[in-house]
1. So, in Å, what gap is there between the alpha-carbon centers of segment A:152-183 and segment A:43-65?
2. Using a Förster distance of 25 Å, how high is the FRET efficiency between A:K460 and A:D293, based on the Cβ-Cβ distance and rounded to 0.05?
3. Using only atoms on other chains, find how many Cβ atoms lie within 10 Å of each Cβ of peptide A:202-208 and report the average.
4. Measuring from centroid to centroid over Cα atoms, what is the spacing of segment B:402-471 and segment A:115-136 in Å?
5. How long are the semi-axes of the ellipsoid equivalent to chain A, from square roots of 5 times the Cα gyration tensor eigenvalues, in whole Å, largest first?
6. Find, among the chymotrypsin sites (Phe, Trp or Tyr not before Pro) in segment B:183-270, those assigned to loop by DSSP (not H, G, I, E, B) with at most 15 other beta-carbon atoms within 10 angstrom.
7. First check a/c for segment A:60-204, with a ≥ b ≥ c the square roots of the eigenvalues of its C-alpha gyration tensor; if it is under 1.5, answer rounded, and if not, answer prolate when a/b is larger than b/c or oblate otherwise.
8. For a label point 7 Å from the Cα of A:A371 along Cα→C-beta, name the residues of segment A:385-413 whose backbone N is under 12 Å from it.
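Read-outs throughout are calculated quantities, based only on the coordinates presented, and are distinct from any laboratory measurement. What you see is a predicted model; the values in this text were computed from it and never measured. Glycine also receives a Cβ, built like all others from the backbone with ideal geometry; neighbour counts cover every protein chain displayed.
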Protein chains: 2
Amino acid sequence: MSTLNLTLLTDLYELTMMQGYYKSNCKEVVVFDAFYRNNPCNGGYAICAGLEQIIDYIKNLHFSEDDIEYLRSLQIFEEDFLDHLRDFHFTGDIYAIPEGSIIFPREPLLKVIAPIMEAQLIETAVLNILNHQSLIATKAARVCYAANGDGVMEFGLRRAQGPDSGVYGARAAVIGGCKGTSNVLTGKLFDVPVLGTHAHSWIMSFPDEYTAFKTYASLYPSACILLVDTYDTLKSGILNAIRVFTEMRNAGIPLTYYGIRMDSGDLAYLSKIARKMLDDAGFSDAVISASNDLDEYLIENLKSQGAKINSWGVGTNLITAKDNPAFGGVYKLAAIKSEDGTFLPKIKLSENTEKVTNPGNKTVYRIYDKATGKIRADYICLATETFDTGKDLVLFDPNEPWKKTRLTGGSYTMREMLVPVFKNGTCIYPSYTVMELQEICTKEKNTIWDENKRFVNPSKIYVDLSDKLYQMKQDLLREMSVV
Amino acid sequence: MSTLNLTLLTDLYELTMMQGYYKSNCKEVVVFDAFYRNNPCNGGYAICAGLEQIIDYIKNLHFSEDDIEYLRSLQIFEEDFLDHLRDFHFTGDIYAIPEGSIIFPREPLLKVIAPIMEAQLIETAVLNILNHQSLIATKAARVCYAANGDGVMEFGLRRAQGPDSGVYGARAAVIGGCKGTSNVLTGKLFDVPVLGTHAHSWIMSFPDEYTAFKTYASLYPSACILLVDTYDTLKSGILNAIRVFTEMRNAGIPLTYYGIRMDSGDLAYLSKIARKMLDDAGFSDAVISASNDLDEYLIENLKSQGAKINSWGVGTNLITAKDNPAFGGVYKLAAIKSEDGTFLPKIKLSENTEKVTNPGNKTVYRIYDKATGKIRADYICLATETFDTGKDLVLFDPNEPWKKTRLTGGSYTMREMLVPVFKNGTCIYPSYTVMELQEICTKEKNTIWDENKRFVNPSKIYVDLSDKLYQMKQDLLREMSVV
């Protein structure tokens, strides 16, 4: 919200652990994976977003004198450690799945290989940014899927969880497929389309609805969407809108982008009547735009009922991902680099099998079916493994390893999803505009089937482990089991 | 997140309407009310928060050359209007219910009296800030109520909807009653306690759990909470913790604040066993701290099952208000000042009676029962009305006006809840520290009964209208009805 250095945007325990590592002279290089466990809203996929802001955060990571002064005031940090923080910056490597990509549960979305103090400090901010933007990009993709080609506009700023939530949420929503946002600051910061017309207060500040419409139309004739539900949609609003459109037509004013917006009432019923009234008056190209607590489920439902709406304004339910407002990404230690340069795998146990982490320095391949271009499966393996796509590949479900599938050599392609972002502390990743990311995301969404996008019980894309990784995990589980 | 001027943190339609008012030479002074319609989580009250940030926003409101350049690039604003924005600042009055107060649905929380262009522009940011912080403060009050005197720590930063959501969410959580936050930046910005110990990764980065505990205890002997569930809570974690505490005791290290934290498993079951194990080893003052998807319902439930937990770490469900992630505050035109200085009331109709707005330039009185100090009702009236608490006051439900209650003169007190914050564009409201706001909030929470705080079907406190306001509303409804 103000001039903030985000270095202290972290949990205190990251700093107490850092001091612990510092005091124990622990300078090990470690591997941390950021991943998530369940798709939002019980969906079949997610969209990752936020990498650009993570890059900015990592680039700017430093403790100001002010920060150090504050930490000193807590009386838990010693002078040598505080001194050490003065020159602190990120020196490690980061790999990530590109923004706008389709992603699946349990695969690393972002991998940090860095001295343990650095890798530990960045946990909280990395998760905060990745969780938030991936959540909203995913929700937006779902809403746009329901809208089935109609334009979806994000306009939830007033209900977002704070300014950033609105600004970066709108960014993520556009990546996920929204054609624009009402949020002017997002428009300015990220060069995305900003959209909007007027509120009920505009109508109420004039002596009557007709005068309010007339005045608006004279000011914005080329983008004239009139809000018709301030007093009574059918008996007043649409009639006044038609009157104004007719006057415009009679005056020879070109009606390029014009129509009505409804923000209350039964949108299926009202839109059908509105469509007929507009058509009968000769305004068959008038847009009917709707808002009011919309989400992907309601849009799908309204469409199935034949609602005559072709533009959707989505607020609260998108910007907060209301039915599933947390993405649940976690950041787990996966390996420690030994002196000989190899990675010693680490595992976190849990009573719940699916919560046991995948150990080791890993990467993720996406396997595409050559014939359709669609995703066949994702494949997590050790970073050192190599594959020959000319040969058969046997996939198996790591939770139910008897479930196997053989991919015939030559029938599939493999793409490494984790790409280098930072190398020895230097960013080597390009910056994309948000509209470029939206385009990337559109292509990504075409790599899965409608069956994976269905809202109810969607078909799952498997994320499998390589033989080597699976064996390593089993060996560690045996070693670690406490009896 | 970065050096941002928040003036453009607004919906585009606020600016298109502003230009509309400018072009129509509309300089009317208007009254807007911000209010909400339903208590979060079907509760009996809410807590308002965010006023300090709204004040900052209003004080800093200005269009930079950069902002104007951006608006020009949109090609919908004309040069005279853009020129006008150069000198734009807020010149109006703002009244608000103080931060940390108990609030109820449909009463104005914040009232703006300003030239229409100014009042319109600030709608989005005011709602964004008020909605977010009031939501989290309310959720925190609920969680703390369930914890029934135990300390509650906010630690949801990694799951918050972006950096601000974490930073200002933690601020609101402390106002609502949390004893501290894990969020270091919130600690620095608002001087609130920051708390935390270590993560599973700390344990996993050592050869074994005992060494990890031992190292931690030697670094932080005076605040030594050990995380016991990395491998196996009962068979490993608690045993190692007891071993380390015993060594500390034997070495004469004072055990001031120490104990364990559990982050998985059945917390009721595990905490009872843990309590017994710690007690048996002579550590009956060891803290048992718990986390893992906690919220007010689970905490209440664990307590009712006799869980031996006395410190609660609450993350995702608090910082996102997961079961109710939007507050739903709205901002509605209520009156327009006429040339003679009186206020012409305005009303927005709706098919839903409860959604019809309350017209006029209003204020809110809180009526306390003199004998108990508890709130009897809130009372919305015209700003010009005066009352004599020596006389009887008849209250009635505005939706069911036949439901009446008579308060005997002398048995009640009245307090005006809306207090002046800005006068002619100048802030006249003091700044409170977050810990002062927490204290205010604690007192406020004591003005309602347990029956109002119950999570299931809480008893409602009425928000009534004065006779004059009720009549004004009925008159307007009659005038406006479209037949």
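1. 17
2. Values: r = 30 Å, r/R0 = 1.19.
Once the sixth-power term is evaluated, E becomes 0.25.
3. Working: counts 8, 2, 10, 13, 3, 0, 0.
Partner Cβ neighbours, averaged per residue: 5.
4. Measuring centre to centre over Cα atoms gives 40 Å.
5. On the way: eigenvalues 469, 166, 59 Å².
Listed largest to smallest, the semi-axes of chain A are 48, 29, 17 Å.
6. B:Y257
7. oblate
8. A:408, A:411-412
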